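Reading through the structure tokens given below for one structure.
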Amino acid sequence: MTTPRRGDPRTPFLLAAAVWTVLVAAAVAALPLALAGRLPDPMATHWGASGASDGAMPIAAAAVRPACMWVVFALVSLGLAMRRRALHRAIVRAWTAAALAWCGVFFLGLQVVTVTANLGGARWQDASPVAWWIVPVVLAAFAAGLLARALARRGPDERPPAPAARGDIALPPGRRTVWVSSVSAPLGLWLGIAALVAAVSLAAATLTGLSPTPWATAVVLAVVGLAGLALSTVSVKAGPEGLRVSFGPLRWPSRHVPLDRIERAWVEDRRPADVGGWGFRGLPGMATIMIRGGECLVVRYTSGGQLGISVDDAATGAALLNALVSAPRP
């Protein structure tokens, strides 16, 4: 059953996101320009491992560059969230709002730190060290992200259709029958988010010169964070087109198995110890997507391979797939 909609939630969400994007960009750009009379020109924008400033740029460039970086991030985030009517889901709006709030406060905080370090100096070399100033900036960004996530979850939520009942499934002629289910691991989700936040923080701090951390550290954290997010939530859809397995809170990336490649489906009880741990275990053709122990939907390909997915209500999904496979093809 689909939750009744009380108006399109995209319009107020996009309006609020646009206003937030413009306000943050304006504040980031205006701060050094408004205090230009008390700043050296050029101003320090990079600090080395010793804590001393070792790079600078004109005040105008220091105002425009971070503002442009923020706008690009906001547009990309909104573009990803608008794929396939995703903004109709409360969870997508919540995480998009959290990302925009976190990153906006982070960019603004970095600009405040940079300007404050340069304030009153005659030369950019006189800028104050900023090594520990990044900590309150990250904490403030976290708080803003959590608040935005809580607020954005309000409003209508267009949920996927409820799964069919258990047991033998009869396919009504002329009607399209679909089963949707999902499972998530909250701990993996939060660990993935934490790794991504750390990666973005290190990358931004390194780019702006507030941290001497090598880029490789940020890249490794980003890869770990993306993998954690992808394997923290799995959504499975079975229908006339076959089986689609989607990963992550935004249900991307996804894998599609056409119906003509499926021989049959069934349910097995599998535990992490049975398949070698959590996450994507095994090799293509004989793999299990293990998010939580318990019942798994297992699909055998016509080529002989198998795919197991730990998902709720696996029996209904298996019954529907078997009914669709055995049904006469048009």
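The values are calculated or read from the model by the stated rules, or taken from the named source; none is laboratory data. Bear in mind the structure is a predicted one, so any value in this text is a computation, not a measurement. For neighbour counting, all protein chains shown are included, and Cβ atoms are generated from backbone atoms with ideal geometry for every residue, glycine included. Note: accessible area is taken over every heavy atom of the protein model, side chains too, but ligands, DNA and RNA are not part of it. Shrake-Rupley method; radii C 1.70, N 1.55, O 1.52, S 1.80 Å.
Does Asp260 satisfy the condition of being more than 30 Å from Ala99 (Cα to Cα), open to solvent by 50 Å² or more (accessible area, probe 1.4 Å) and of a type in the set (D, E, K, R)? So Asp260 fits the description; yes.
Annotation note: of Ala140, Ala122, the sole residue that is assigned to a helix (DSSP H, G or I), open to solvent by 40 Å² or more (accessible area, probe 1.4 Å) and either in contact with a Phe, Trp or Tyr (Cβ under 6 Å, 6 or more places away or on another chain) or modelled with pLDDT of 85 or more (or both) is Ala140. Taken residue by residue, the range 32-41 has at least one member that is within 30 Å of Ala97 (Cβ to Cβ) and small (Gly, Ala, Ser).
The residues of the range 80-109 that are in a helix (DSSP H, G or I) and open to solvent by 40 Å² or more (accessible area, probe 1.4 Å), listed by number, are Leu80, Arg83, Arg84, Arg85, Ile91, Trp95, Leu108.
Of all residues in the range 298-319, those being crowded, with 20+ Cβ neighbours inside 10 Å, part of a helix (DSSP H, G or I) and within 31 Å of the chain's Cα centre (by Cα) number 4. Right, Ala287: small (Gly, Ala, Ser), open to solvent by less than 40 Å² (accessible area, probe 1.4 Å) and in contact (Cβ under 8 Å) with a residue 40 or more places away in the chain or not? It is false that Ala287 is small (Gly, Ala, Ser), open to solvent by less than 40 Å² (accessible area, probe 1.4 Å) and in contact (Cβ under 8 Å) with a residue 40 or more places away in the chain. Among residues of the range 13-59 being open to solvent by 30 Å² or more (accessible area, probe 1.4 Å) and at pLDDT below 85, the one that is nearest to the chain's Cα centre (by Cα) is His46. Any residue at all in the range 165-179 that's within 27 Å of the chain's Cα centre (by Cα), at pLDDT 75 or above and hydrophobic (A, V, I, L, M, F, W, C)? Yes, some residue in the range 165-179 is within 27 Å of the chain's Cα centre (by Cα), at pLDDT 75 or above and hydrophobic (A, V, I, L, M, F, W, C).
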